[in-house]
Amino acid sequence: MEKIRRIAVLTSGGDSPGMNAAIRAIVRTAGHYGIEAYGIKNGYSGLMNGEFELMNSKSVAEILQRGGTMLYTARSKEFMTDEGFHRALMVLETFKIDGLIVIGGDGSMRGAAKLTDSGVAAIGVPGTIDNDLPYTDSTIGFDTAVNTAVSAIGNLRDTSSSHGMVSIVELMGRNCGDIALFAGIASGGDIILVPNEEYDEMEICRKVIDGKNRGKHHCLIVVAEGASISGNELKKTIVEHTGMECRVTILGHVQRGGSPTATDRIIASRMGQYAVEVLMAGRTGRAVGIAKGELIDMDITEALEVKRGPREDLIKLGKILAE
Ligand code: F6P
């Protein structure tokens, strides 16, 4: 096994709070073992264009607590073309990179898997607010996004109660309902709508009226962006069939920013350190994650195939607690 001398790290896809903590851990762990670490700016796009910067312990000072990514990020279509991909391979060769660490979501991991197939020693670190990589218990940024949503829903509850109105809040998560489900339960949401479930809008209206009849001053409906009904569609039905005032808040990109929670800082730091050590141990094409509190690594392609069934227990909990 050849000694790893030089590694590079990039962040790709939607940013997530904690990505900086992971970059910091990667650079400092590399320094600890005498390995050179390059930061690649702007994700795969910067990889193709050779936007490399040698980093050291000082370059990653004061970023642990910052949201976003100091390396910037992009969703690169060009990297998916043969021409772009080969350019990326040539750049990695030119910089004599022995190992590449990609921090990002499923699309970014797919890029890392493709690089692995072409002989690059690549490692994927799960960084996305969506928590849609079921091989790991949690992705970096998810906990912060949930907490941001909980804070926003708390504000909506106040005004919803004061006005006796229905508040619908639509949360991010692409096809995964975890942000909505976790934030909905943590906020005492009355109705939580997640992807891959069919909903009867009349039944929802009945629940809204029922809550009002039971003396509830607010009604909080949390909708995942991938749910079969959108917040605005639901609002129309509710206004039409209940006559109640109803407002929709699409929380949007607010959920992607902000200082990472302690939980995200810790998992990012642990996974960052582990990613470097996995490379040093000669394991490549691995996705790093956390399962039952322990660090794990598994084949990236296999990791991307891991599926999670509906979170029946949490869906049931949300319903019971709203009764
Ligand atoms: O994957 C993170 C995420 O924020 C999703 O929750 C959302 O669907 C998507 O990215 C939005 O992407 P963009 O900022 O490119 O519109």
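The values are calculated or read from the model by the stated rules, or taken from the named source; none is laboratory data. All values derive from a computational prediction rather than experimental measurement. Note: accessible area is taken over every heavy atom of the protein model, side chains too, but ligands, DNA and RNA are not part of it. Shrake-Rupley method; radii C 1.70, N 1.55, O 1.52, S 1.80 Å.
Through the Karplus equation 6.51 cos²θ - 1.76 cosθ + 1.60, θ set to phi - 60°, convert the phi angles of region 47-63 into ³J(HN,Hα) values in whole Hz; use x for Gly and Pro.
So the Karplus estimates, Gly and Pro as x, are 5, 5, 9, x, 7, 9, 9, 5, 10, 9, 3, 5, 5, 10, 6, 6, 10 Hz.
Please compute the Kirkwood hydrodynamic radius over the chain, one decimal place, Å, based on all pairs of different Cα atoms.
20.6 Å
For the chain, what does the accessible surface come to per residue with a 1.4 Å probe? Please give it in Å².
45 Å²
Given a 1.4 Å probe and every protein chain left where it sits, what share in percent of the accessible area of the chain is carbon and sulfur? It would help to have the intermediate numbers written out before the result.
On the way: 7210 of 14520 Å².
Within the chain, the accessible surface is 50 percent carbon and sulfur.
How large is ³J(HN,Hα), in whole Hz, for each residue of region 32-45 in order, when computed from phi with the Karplus curve 6.51 cos²θ - 1.76 cosθ + 1.60 and θ = phi - 60°, using x for Gly and Pro?
4, 9, x, 9, 6, 10, 9, x, 10, 7, 6, x, 5, 5
Need the list of lysines near K3 for cross-linking: C-alpha distance under 26 angstrom, and skip anything on the same chain fewer than eight residues off.
By straight Cα distance, K3 reaches K41, K58, K96, K114.
What percent antiparallel are the DSSP beta bridges of the chain, to the nearest 5?
25 percent
How much length is gained on full extension from K292 to I320, taking 0.36 nm per residue of separation minus their Cα-Cα distance?
That works out to 7.5 nm of additional length.
Using the structure shown, select from K207/K319; K216/K319; K207/K236; K216/K316 the pairs with a Cα to Cα distance greater than 19 angstrom.
Listed pairs above 19 Å: K216/K316.
Can you list residues whose amide H is under 5 Å from E245's amide H, if they're 5+ apart or on another chain and H is modeled 1.01 Å from N?
Distant-sequence amide H within range of E245: V166.
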